[in-house]
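What follows is calculated from the coordinates using simple rules that are stated; it is not laboratory data. Predicted model, so just to flag it, every value in this text is computed and none were measured. Virtual Cβ from ideal backbone geometry, glycine too; neighbours counted across all protein chains shown.
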Amino acid sequence: MNTDKIPAIHILGICGTFMGGIAALAKQAGHRVTGCDANVYPPMSTQLEAQGIELIEGFGVEQLDLKPDVFVIGNVVSRGNPLMEEILNHNLPYISGPQWLAQTILHDRWVLAVAGTHGKTTTSAMLAWILEYAGLSPSFLIGGVPQNFGISARLSSLPSPSGGGGSPFFVIEADEYDTAFFDKRSKFVHYHPRTAILNNLEFDHADIFADLNAIETQFHHLVRTVPGNGLIVSNGCEAALDRVLQCGCWTPVERFGIDDGWQIDAGNRVTLRGELQGTLNWELLGKHNRQNALAALAAARHAGVPIAQGLAALGEFKNVKRRMEVRGIVNNITVYDDFAHHPTAIATTVGGLRHKIGSARILAVLEPRSNTMKLGVMKDALPGSLKDADLVFCYAGNLGWDARGALAPLGSKAIVEDDLGVLIEKIAAAAQPGDHILVMSNGGFGGIHEKLLKRLA
């Protein structure tokens, strides 16, 4: 094992957003950090290397020679991975990313966790920014890059024993995906939040959950960890979340989206139990972002931020990268990048853009890339989610189901191609000045944004 005084960790699966964030936090905490992954490439590779974190391509067994104090295992690693097999064979210490985070970083902090099927990243970014604006200097780990910060993870020092300096607050995006191959609980059960946001809940992650009830069970496991002096901020419009809380709740609950809780109207006037709190003045689109804002305001208020100050902070909020991010405008054609990949998120994103641009044409470009989408579980919901688009282009490369058949209800406005180059040519041929091209994927999509902008020039 490592004989230096500086603790050392080696992270397997370091290039995922979550594990890359853990690497950054560990480095900031003073650990010696190395890591490996099957695909070491920008932007995560350059971000990590800029922090002095050594990256190794692949999972070669020679990495045992690094002799870290502990191997931190990402959930992309499974049995049969050569390095993991040797760690097991040699009985070397290993731990999951969420458990390492909980034991090493979170245990002395006021954790504010944001859970839900949709909006976790944006709401976490809003909450972290409100706390920052209020001078509370929170730590955070977010599954994207909030543009107010320019980084996805930050570790602030804890207050001194005398109470001076530092910050106890830690905002974390609380994912319901499983922890590791040896721990099939959701990641968020490790975080033990004092403030928990339950943003929404519907079926997703069909590769690990059999049905919605299985996900509700995991959410109730999270509810069981929130202390009695904490707060649960829950979407009052979600029957699934009501069922979760009815299974047992030992914590005060504030609901948003309903008149008897936090509410926001079409004029962005915010009320709490019917009493006006102020008006939200900002540039973000869509009802979903107004609901995200309510959740963030409620959670920040629990941490001591007055509502008026929270509203002022949101007025200066810049959304997370890849959330309706304009990637370029060529010949009066605007190309957007958005992370939407679940039918509900797709419908919300397309609907938000439609509300903004009126009757201008929307060319929706979709890559069904998530594990759930690849399984085809949500394919029947896709046509309805894209109804506000004028044309739909779908990349069907490596799909295990018939995208053409699934999108057939859209008729001639749906174009499906297995070749990305051909798809780009068809998008470019269809695009006209004044159009808005909305690209939606939770991956890199083969660099389609740059290729489209170059082709349209």
Practice item. Just the number, please: percent antiparallel of the DSSP beta bridges in the chain, rounded to the nearest 5. Key: 25 percent
Revision key, fill the gap. Counting only residues 5 or more apart in sequence or on a different chain, those whose built amide H sits under 5 Å from that of V171 are L112, S139, F140, L141
Review point. What is the antiparallel percent of DSSP beta bridges lying wholly in the stretch 325-456, to the nearest 5?
Key: 20 percent
Exercise for review: Subtract the Cα-Cα distance of H220 and Q432 from 0.36 nm times their separation in residues, and report this length gain in nm to one decimal.
Suggested key: 71.4 nm
Point to revise | Residues with amide H under 5 Å from that of N235, placed H, sequence gap 5 or more | key: L198, F256
Study note, to complete from the structure: Taking a ≥ b ≥ c as the square roots of the eigenvalues of the Cα gyration tensor, with a/c under 1.5 meaning rounded and otherwise prolate when a/b exceeds b/c and oblate if not, the chain is oblate
Check your understanding: In terms of modelled amide H atoms, which long-range or inter-chain residues lie less than 5 Å from the amide H of V330?
Key -> V335
Point to revise | Whole-Hz couplings from phi, Karplus 6.51/-1.76/1.60, listed for the stretch 178-189; x for Gly and Pro | key: 5, 6, 6, 5, 9, 8, 8, 6, 5, 3, 5, 5
Practice item. Work out how much length E54 to D211 would gain on full extension: take 0.36 nm times their residue separation and subtract the Cα-Cα distance, in nm to one decimal. Key: 52.5 nm
Review point. Which distance in Å, rounded to a whole number, links the C-alpha centroids of the stretch 286-348 and the stretch 380-441?
Key: 25 Å
Practice item. Let me know the shape class of the stretch 255-345, please: from the alpha-carbon gyration tensor, a ≥ b ≥ c as square roots of the eigenvalues, rounded when a/c is under 1.5, otherwise prolate if a/b is greater than b/c, or oblate. Key: prolate
Study note, to complete from the structure: Extension length gain for N89 and Q147 (0.36 nm per residue less Cα distance), in nm, is 16.5 nm
Study note, to complete from the structure: With DSSP loop assignment and no more than 13 other C-beta atoms within 10 Å, the chymotrypsin sites (Phe, Trp or Tyr not before Pro) in the stretch 117-176 are none
Check your understanding: Based on the Cβ-Cβ distance of S78 and K413, what FRET efficiency does E = 1/(1 + (r/R0)^6) give at R0 = 35 Å, to the nearest 0.05?
Key -> 0.30
Exercise for review: Within the set of other residues whose C-beta is less than 11 Å from the C-beta of L363, count the net charge using Lys and Arg as +1 and Asp and Glu as -1.
Suggested key: +1
Exercise for review: Just add up the charged neighbours of L64: K/R +1, D/E -1, any other residue whose Cβ is under 12 Å from the Cβ of L64.
Suggested key: -3
Exercise for review: Please label the shape of the stretch 1-143 as rounded, prolate or oblate, based on the square roots a ≥ b ≥ c of the eigenvalues of the alpha-carbon gyration tensor (a/c under 1.5 means rounded; beyond that, a/b larger than b/c means prolate, else oblate).
Suggested key: prolate
Review point. Given the stretch 108-314, what percent of its DSSP beta bridges are antiparallel, to the nearest 5?
Key: 35 percent
Revision key, fill the gap. Calc'd 3J(HN,Hα), the stretch 91-96, phi into Karplus 6.51 cos²θ - 1.76 cosθ + 1.60 (θ = phi - 60°), Hz, glycine/Pro = x, comes to 6, 8, x, 9, 7, 6
Practice item. Find out how many positive minus negative residues lie around A428, taking Lys and Arg as positive, Asp and Glu as negative, among other residues whose Cβ is under 10 Å from that of A428. Key: +3
